[in-house]
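Here is the structure we will look at.
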Amino acid sequence: MSGSTFMRAGLLLAVLCLPGATYAAPSPFNAMAGSWSGGGVLSTSDGNQEQLRCRASYDVTGTGTELRLNLRCASQSYNFDLASEVEYRGGAISGSWTEASRNAAGTLSGRANGDHIEAAARGDNFSANLSLTTRGGRQSVSIRPQGTNVTSVSLSLDRH
């Protein structure tokens with residue numbers, strides 16, 4: 001290691017060790033920004049499955065800490081129109097959601113780690129666990145509702 005490289009590494013280490021100094025992990029929202037589309041499968045409690053077509057739009061603030069989502073999906077028998085506003089703070093996500101076709105709303109909370117988000121959506125008449133992974137131009141989404149005839153939704157989306 002050259003002397004100047006060693007000096008820069010030492011300065012960086014010293015700054016990171018200062019009281020109050022923290023390393024802020026990059027927001028997972030930055031990788032999600034833009035328009036996405038694709039499809040997936042909706043499974044029901046009676047064993048049926050339907051193909052879904054979906055479009056998603058993620059608007060991310062310049063700092064990457066706030067996200068506005070619009071997700072519309074349709075199959076032969078089901079439609080959903082989900083909107084959400086979410087904040088990212090130190091690995092935690094929190095926010096609110098609405099689903100227009102069923103007039104439902106609630107809160108969203110969870111954790112983000114790298115390219116992966118695990119969250120829970122809760123409302124008066126609906127709850128679901130969500131898992132989302134974004135890698136490059138591909139995104140996979142899994143929704144596992146509780147207390148409805150829909151048992152799971154699995155989506156694969158590509159960035160436009």
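Quick notes
- Gained length - residue 43 relative to residue 76, 0.36 nm times residue gap less alpha-carbon distance: 10.6 nm
- In sequence order, calculated HN-Hα J values of the stretch 73-85 (Karplus, 6.51, -1.76, 1.60; Hz; x Gly/Pro): 9, 8, 10, 4, 10, 10, 9, 9, 10, 9, 10, 8, 10
- Full-stretch length increase - residue 146, residue 102 - with 0.36 nm per residue and alpha-carbon distance subtracted: 14.3 nm
- Panel note: the C-alpha atoms of the stretch 101-141, placed on their principal axes, show extents of 34, 21, 10 Å (largest first).
- Rel. contact order, % - alpha carbon contacts under 8 angstrom, at least six apart, the stretch 60-121: 22 percent
- Positive minus negative residues near residue 125 (Lys, Arg vs Asp, Glu; Cβ under 15 Å): 0
- Computed Rg/Rh of the stretch 66-160, alpha carbon atoms with Kirkwood Rh: 0.94
Bear in mind that the values in this text are calculations on the coordinates, not laboratory data. This structure is a prediction, so every number in the text was calculated from the model and none was measured. So basically every Cβ, Gly included, is an ideal-geometry build from the backbone, and we count neighbours across all protein chains shown.
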